[in-house]
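Below is one structure, written out as structure tokens, with a few remarks after it.
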């Protein structure tokens, strides 16, 4: 790993202080950790400082050390070790992290870096002339199937071409980066195959029911064949009254076995129904598409694709998201496969503000315009 040092003193601010909102968030965050273990909050607190100022300043490191009652050197070690922390000023509107690991490089990451060199600055971490943009090369960002890709702040932009990268840079440079859809920049869903799914194409509920039906069919068929073998081997030779009595007992056994088989056959159907109901536990209440649906993209963390998925679930209004409890948030989290994103970006709080008073209320609560 290359040596990472703090920026020169001449660019360091004299002091650091969390905004009122961020200070409240930090105080709440400390309660997530057991008493005496609050030092574990050092990474989220440093990241919040970076999101506030754009980079981690020396003053911010000192402030966090004081908050957590940690030696300054310990906080400095964390900030200089993890490359997610920017130790010098970066672009005010976008700092582009280009993945240069093997899969991305094989799929054209070098061309993406050439665009950054041409449009932003020749060297990594060098600011553009207006100070709005900067870039760097980083290691694997975990979307190899969608190579090449870049990260801008918290969002990834995948399946890039040099032409698309130029368009993205134009948007961020013009202050319109929030309108750029995140994730794949081609017609694919997340990391699914290009051109659509080739397996698991049934709806989850239908797939569970079909699977249980197939499981139920196998034991029923196997048990049906078994009694025929038994009676062929153990059938007594009838001799007078003793033979008749044995035949009658054998018949009674067959009736009992048949009754049991019927019970086994019916059980899996109930089991399948229970599984289908369990899959919908916590699912948010849906509504029909209204004449004037809300623009869910105003919620930070929701892009055009996620908005389409939410609409597909019958979620069209801010007031629906505002009412989500823990069960609904966990269900949607699992459905979208964005573990923790709903709580991390606080969709519910954003939706409450937007439902109550639109953009004006959002600015009042968060101190900035919605996406």
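The table that follows gives values for the structure above.
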read-out: Among the candidates 163, 158, residue that is modelled with pLDDT of 95 or more, outside the structural domain of residue 345 (by TED's automatic domain parsing) and in contact with a helix residue (DSSP H, G or I) (Cβ under 6 Å, 6 or more places away or on another chain); value: 158
read-out: Test set (1) surrounded by fewer than 21 Cβ atoms within 10 Å (Cβ to Cβ); (2) assigned to a loop (DSSP other than H, G, I, E, B); (3) in contact with a helix residue (DSSP H, G or I) (Cβ under 6 Å, 6 or more places away or on another chain) - residue 111 fails condition number; value: (2)
read-out: Unique residue being part of a helix (DSSP H, G or I) and either over 21 Å from residue 166 (Cα atoms) or touching a strand residue (DSSP E or B) at 6+ places or on another chain (Cβ under 6 Å) (or both) when the list is 116, 104; value: 116
read-out: Unmet requirement for residue 179, which otherwise passes all of (1) over 24 Å from residue 85 (Cα atoms); (2) in contact with a helix residue (DSSP H, G or I) (Cβ under 7 Å, 6 or more places away or on another chain); (3) surrounded by 15 or more Cβ atoms within 10 Å (Cβ to Cβ); value: (3)
read-out: Segment 310-322 - residue that is under 28 Å from residue 367 (Cα atoms) and touching a residue at least 24 places away in the same chain (Cβ under 8 Å) and, of those, surrounded by the most Cβ atoms within 10 Å (Cβ to Cβ); value: 321
read-out: Odd one out for residue 81, checked against (1) surrounded by 14 or more Cβ atoms within 10 Å (Cβ to Cβ); (2) within 28 Å of the chain's Cα centre (by Cα); value: (1)
read-out: Verdict on residue 52 being touching a residue at least 12 places away in the same chain (Cβ under 8 Å) and either closer than 17 Å to residue 72 by Cβ or out of contact with any helix residue (DSSP H, G or I) (no Cβ under 6 Å at 6 or more places or on another chain) (or both); value: no
read-out: From 219, 193, residue being modelled with pLDDT under 90 and either crowded, with 16+ Cβ neighbours inside 10 Å or part of a helix (DSSP H, G or I) (or both); value: 219
read-out: Sole residue being part of a helix (DSSP H, G or I) and out of contact with any helix residue (DSSP H, G or I) (no Cβ under 9 Å at 6 or more places or on another chain), chosen from 305, 297, 291; value: 305
read-out: Residue ID - farthest from residue 191 (Cα to Cα), chosen from residues in segment 154-166 that are buried (at least 20 other Cβ atoms within 10 Å of the Cβ) and in contact (Cβ under 8 Å) with a residue 40 or more places away in the chain; value: 165
read-out: Residues being touching a residue at least 24 places away in the same chain (Cβ under 8 Å) and in a loop (DSSP other than H, G, I, E, B) - total across segment 131-153; value: 10
read-out: Boolean, residue 64 is modelled with pLDDT of 95 or more and either closer than 24 Å to residue 173 by Cα or surrounded by fewer than 20 Cβ atoms within 10 Å (Cβ to Cβ) (or both); value: no
read-out: Elements of type helices (runs of 4 or more DSSP H) contained in segment 11-81, each with 1 or more residues being within 24 Å of residue 368 (Cβ to Cβ) and outside the structural domain of residue 152 (by TED's automatic domain parsing); value: 20-30, 42-53, 58-68
read-out: Residue list for segment 336-347, restricted to those being surrounded by fewer than 18 Cβ atoms within 10 Å (Cβ to Cβ), outside any loop (DSSP other than H, G, I, E, B) and touching a helix residue (DSSP H, G or I) at 6+ places or on another chain (Cβ under 8 Å); value: 336, 341, 343
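The values are calculated or read from the model by the stated rules, or taken from the named source; none is laboratory data. On a predicted model such as this, the values are computed, not experimentally measured, just so you know. Methodologically, a virtual Cβ is constructed for each residue, glycine included, from the backbone with ideal geometry; neighbour enumeration extends over all protein chains shown.
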